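Asks: I have a structure here, written as structure tokens, and I will follow up with some questions on it.
The values are calculated or read from the model by the stated rules, or taken from the named source; none is laboratory data. Computed from a prediction, not measured in an experiment: that's the story for all the values here. Note: ideal-geometry Cβ built from the backbone for every residue, glycine included; neighbour counts use all protein chains shown.
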């Protein structure tokens, strides 16, 4: 099986799969922190902190599943 046109080689795709989800989730966390502080007058409530923490992990796990799913699909078909 060769590399398809427009697709990264498998090793590079796996590196991307490992790096992108935590970077993306961290960027989301930073943006959500700024937004929460702006909307809540500089002090984030405990309820919002729990909500953001849960969504961070959901986003991270979902991004890993999506990235590795796409990689698997691309290199098996």
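Asks: Restricting attention to the range 51-68, does a residue exist that is part of a helix (DSSP H, G or I) and more than 19 Å from the chain's Cα centre (by Cα)?
Replies: The answer is no, given that none of the residues of the range 51-68 is part of a helix (DSSP H, G or I) and more than 19 Å from the chain's Cα centre (by Cα).
Asks: Next up: Would you mention how many residues in the range 63-76 are surrounded by 13 or more Cβ atoms within 10 Å (Cβ to Cβ) and without any contact (Cβ under 8 Å) to a residue 12 or more places away in the chain?
Replies: Looking only at that region, the number is 1.
Asks: Could you say which residue among 45, 32 is surrounded by fewer than 11 Cβ atoms within 10 Å (Cβ to Cβ) and out of contact with any strand residue (DSSP E or B) (no Cβ under 7 Å at 6 or more places or on another chain)?
Replies: The unique qualifying residue is 45.
Asks: Still on this model: Which of (1) within 13 Å of the chain's Cα centre (by Cα); (2) surrounded by 14 or more Cβ atoms within 10 Å (Cβ to Cβ); (3) at pLDDT below 95 is the odd one out, the single condition residue 16 does not satisfy?
Replies: (2) is the only condition that residue 16 fails.
Asks: Next question. Tell me which residues, restricted to the range 1-50, are in contact (Cβ under 8 Å) with a residue 60 or more places away in the chain and not in a helix (DSSP H, G or I).
Replies: Kept after step one, since they are in contact (Cβ under 8 Å) with a residue 60 or more places away in the chain, are these residues of the range 1-50: 1, 4, 7, 10, 13.
1, 4, 7 - these are the residues of the range 1-50 that are in contact (Cβ under 8 Å) with a residue 60 or more places away in the chain and not in a helix (DSSP H, G or I).
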